[in-house]
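The values are calculated or read from the model by the stated rules, or taken from the named source; none is laboratory data. Treat the numbers as computed from the prediction; the structure is a model and nothing was measured. Here Cβ is always computed from backbone atoms with ideal geometry, including for glycine, and neighbour counts include all displayed protein chains. Remember, those area values only see protein heavy atoms, side chains included, never the ligands or the DNA or RNA. Shrake-Rupley method; radii C 1.70, N 1.55, O 1.52, S 1.80 Å.
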Amino acid sequence: MSTTRLRIRRPLAARKVTVGGLAVTGAAALALSLVPGTAVAATTTSAPASTATAVATAYPNNLNGWITEALDVMAANGIPGSYDGLHRNIMRESSGNPLAINNWDINAVNGTPSKGLLQVIDPTFRAYHVAGTPNDPFHPVANIVAAANYAADRYGSIDNVFGAY
């Protein structure tokens with residue numbers, strides 16, 4: 001009685017088998033290559049072990065998540081700022097309420113009330129809005145990124161803002 005040994009190359013997740021135009025990887029590739037009749041039709045290739053798959057980041061729908069997502073957008077757009085600088089200013093301006101609106105200051109008297117987490121007026125939001133974020137001053141991430149973009153232009157960074165700006 002003879003036994004046949006099957007050699008499997010590592011890493012298994014990097015193995016790819018193409019059968020009938022469909023590409024499968026990992027355990028599915030191994031299973032397909034073991035099915036009688038498919039081994040003849042299958043071509044096996046090895047992908048580099050360093051192949052990475054982009055994974056969308058899920059952010060919590062809360063202040064921590066909004067700041068974290070905003071920091072990622074800011075980094076991608078070269079806008080300086082830190083978690084602490086954003087958090088400090090958000091707490092002073094809106095106490096973390098993304099729907100906050102100031103109906104009493106001079107901006108409100110002039111018809112452009114400050115809105116959102118970092119209390120941005122509409123003209124400033126439009127001027128410093130960052131593409132890829134919603135065009136809505138009440139959207140938490142869009143508001144944070146636009147305000148941080150404005151603060152970077154005016155003060156060098158949101159980290160340099162310690163009062164109304």
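Given the residues 105, 136, 122, which is the only one that is surrounded by fewer than 19 Cβ atoms within 10 Å (Cβ to Cβ), in contact with a helix residue (DSSP H, G or I) (Cβ under 9 Å, 6 or more places away or on another chain) and not hydrophobic (A, V, I, L, M, F, W, C)?
Working: 105 fails: in contact with a helix residue (DSSP H, G or I) (Cβ under 9 Å, 6 or more places away or on another chain); 122 fails: in contact with a helix residue (DSSP H, G or I) (Cβ under 9 Å, 6 or more places away or on another chain).
Of 105, 136, 122, the one residue that is surrounded by fewer than 19 Cβ atoms within 10 Å (Cβ to Cβ), in contact with a helix residue (DSSP H, G or I) (Cβ under 9 Å, 6 or more places away or on another chain) and not hydrophobic (A, V, I, L, M, F, W, C) is 136.
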Looking only at segment 62-82, decide whether some residue is open to solvent by 70 Å² or more (accessible area, probe 1.4 Å), free of Cβ contacts under 8 Å to residues at least 60 places away in the same chain and among the hydroxyl-bearing types (Ser, Thr, Tyr).
no
Which members of segment 72-91 meet the condition of being closer than 19 Å to residue 165 by Cβ, in a helix (DSSP H, G or I) and out of contact with any Asp or Glu (no Cβ under 8 Å at 6 or more places or on another chain)?
74, 83, 86, 87, 88, 89, 90, 91
From the options 102, 143, residue that is within 16 Å of the chain's Cα centre (by Cα), within 24 Å of residue 164 (Cα to Cα), modelled with pLDDT of 95 or more and not acidic (Asp, Glu):
143
Looking at segment 93-124 only, could you name the residues that are in a helix (DSSP H, G or I) and touching a Gly at 6+ places or on another chain (Cβ under 8 Å)?
94
